[in-house]
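Participant: Quick one: this structure, given as structure tokens, is what I'll be asking you about.
The values are calculated or read from the model by the stated rules, or taken from the named source; none is laboratory data. Just so we're clear, the structure is a prediction, and the values are computed from it rather than from any experiment. All Cβ positions, glycine included, derive from the backbone under ideal geometry; neighbour counts span all protein chains shown. All accessible areas refer to the heavy atoms of the entire protein, side chains included, with ligands and DNA or RNA removed. Shrake-Rupley method; radii C 1.70, N 1.55, O 1.52, S 1.80 Å.
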Amino acid sequence: MTSGGWRARWLWIVGAPVVMGAVGVLVWWTFGSGGESTATQRLAAGDCVRERAAQRLLPQVVEKTRCDRPHYGEVFAVLTAPESDEYPGAEALTKVGDDCGRQLWGYAPDLPDGPIFEIAIGIPTVEEWTDGQRSVVCVAQSDTEQWASMRG
């Protein structure tokens, strides 16, 4: 075999795994969720949520992700529940969440035509309330996967 044949074979033996590894990293970086499990009460306006809640109430833990990665929801407001030592109950906290809709246009005044957003809310549990977490988290959710912030 000529030395050129060995070089070509050597290039394939060494080069192919390097190229495949680089492609794998690129695919993971582009399409990987890049998310982390986060307590809903720890979300802030501008955070994006990977999954779409099946109901109006968000689960207690969600997968937070960068807004330039695939996601279905974006936090657009965090409202403070009225101060009370006793837990007001899910129904009263859900009523606080009724004010979320008015906050959406302030967060994204130039919201483009396109997906219709539904509003989901995250409310504190009794334990979170006792620990001083009194926020109602407002999330705009789309039926379709988003790759950018609503704010544009």
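Participant: Kindly evaluate I119 against the criterion of being within 14 Å of R56 (Cα to Cα) and open to solvent by 50 Å² or more (accessible area, probe 1.4 Å). Reasoning before the result, please.
Facilitator: On the way: within 14 Å of R56 (Cα to Cα): yes; open to solvent by 50 Å² or more (accessible area, probe 1.4 Å): yes.
For I119, the condition - within 14 Å of R56 (Cα to Cα) and open to solvent by 50 Å² or more (accessible area, probe 1.4 Å) - is met.
Participant: Of the numbered conditions (1) of a type in the set (S, T, Y); (2) in contact with a Ser or Thr (Cβ under 9 Å, 6 or more places away or on another chain); (3) farther than 15 Å from S135 by Cβ, Y107 fails exactly one; give the number of that condition.
Facilitator: Y107 satisfies all of (1) of a type in the set (S, T, Y); (2) in contact with a Ser or Thr (Cβ under 9 Å, 6 or more places away or on another chain); (3) farther than 15 Å from S135 by Cβ except (2).
Participant: Residue by residue through the stretch 35-58, note down the ones that are touching a helix residue (DSSP H, G or I) at 6+ places or on another chain (Cβ under 7 Å), under 20 Å from E127 (Cβ atoms) and surrounded by fewer than 18 Cβ atoms within 10 Å (Cβ to Cβ). Working first, answer last.
Facilitator: The first filter runs over the stretch 35-58 and keeps only residues touching a helix residue (DSSP H, G or I) at 6+ places or on another chain (Cβ under 7 Å), leaving 41, 45, 58.
When the remaining residues are screened for being under 20 Å from E127 (Cβ atoms), the result is 41, 58.
Listed by number, the list is empty, since nothing qualifies.
Participant: Restricting to the stretch 115-130, give me the number of residues that are touching a helix residue (DSSP H, G or I) at 6+ places or on another chain (Cβ under 9 Å) and either among the basic types (K, R) or modelled with pLDDT under 95 (or both).
Facilitator: Matching residues across the stretch 115-130 total 1.
Participant: Return a yes/no flag: does the stretch 71-82 have any residue that is modelled with pLDDT of 95 or more, buried (at least 21 other Cβ atoms within 10 Å of the Cβ) and over 25 Å from A148 (Cβ atoms).
Facilitator: Scanning the stretch 71-82 turns up no residue that is modelled with pLDDT of 95 or more, buried (at least 21 other Cβ atoms within 10 Å of the Cβ) and over 25 Å from A148 (Cβ atoms).
Participant: Something else: Please work out which residue is surrounded by the fewest Cβ atoms within 10 Å (Cβ to Cβ), limiting yourself to the stretch 59-70 and to residues that are charged (D, E, K, R) and outside any loop (DSSP other than H, G, I, E, B).
Facilitator: Start the filter on the stretch 59-70 by keeping residues that are charged (D, E, K, R), which leaves 63-64, 66, 68-69.
Filter once more, so that each one left must be outside any loop (DSSP other than H, G, I, E, B): 63-64.
Numbers: E63: 16, K64: 23.
Among those residues, the one meeting the criterion is E63.
Participant: Quick check on the stretch 100-114: of everything there that is open to solvent by 50 Å² or more (accessible area, probe 1.4 Å) and within 18 Å of G46 (Cα to Cα), which residue is modelled with the lowest pLDDT? Reasoning before the result, please.
Facilitator: The initial filter retains those residues of the stretch 100-114 that are open to solvent by 50 Å² or more (accessible area, probe 1.4 Å), namely 102-103, 105-106, 109-110, 112-114.
Add one more test, that the residue is within 18 Å of G46 (Cα to Cα), and what stays is 102-103, 105-106, 109-110, 112.
Values: R102: 92, Q103: 95, W105: 90, G106: 93, P109: 91, D110: 86, P112: 67.
Among them, the one singled out is P112.
Participant: Moving to a separate point now. Tell me, please, whether a residue that is among the small types (G, A, S) and touching a residue at least 12 places away in the same chain (Cβ under 8 Å) can be found in the stretch 124-134.
Facilitator: Applying the first criterion (among the small types (G, A, S)) to the stretch 124-134 yields 132.
Narrowing further to those that are touching a residue at least 12 places away in the same chain (Cβ under 8 Å): none.
Checked the stretch 124-134: no residue is among the small types (G, A, S) and touching a residue at least 12 places away in the same chain (Cβ under 8 Å).
Conditions tested, residue by residue: (1) in contact with a strand residue (DSSP E or B) (Cβ under 6 Å, 6 or more places away or on another chain); (2) on the phi < 0 side of the Ramachandran plot; (3) modelled with pLDDT under 95.
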{"residue": "L26", "(1), (2), (3)": "no, yes, yes"}
{"residue": "G35", "(1), (2), (3)": "yes, yes, yes"}
{"residue": "R42", "(1), (2), (3)": "no, yes, no"}
{"residue": "A54", "(1), (2), (3)": "no, yes, yes"}
{"residue": "T65", "(1), (2), (3)": "yes, yes, no"}
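Participant: Would you pick out the residues in the stretch 83-95 that are in a helix (DSSP H, G or I) and surrounded by fewer than 19 Cβ atoms within 10 Å (Cβ to Cβ)? Steps first, please.
Facilitator: Going residue by residue through the stretch 83-95, those that are in a helix (DSSP H, G or I) are 90-95.
Correct list: A90, E91, A92, T94, K95.
Participant: Just name the residue that is least open to solvent (accessible area, probe 1.4 Å) out of those in the stretch 122-142 that are among the β-branched types (V, I, T) and over 20 Å from D98 (Cβ atoms). Steps first, answer last, please.
Facilitator: Keep residues of the stretch 122-142 that are among the β-branched types (V, I, T), which gives 123, 125-126, 130, 136-137, 139.
Pick out the ones that are also over 20 Å from D98 (Cβ atoms) and you get 126, 130.
Details: V126: 75, T130: 106 Å².
Within the stretch 122-142, the match that is least open to solvent (accessible area, probe 1.4 Å) is V126.
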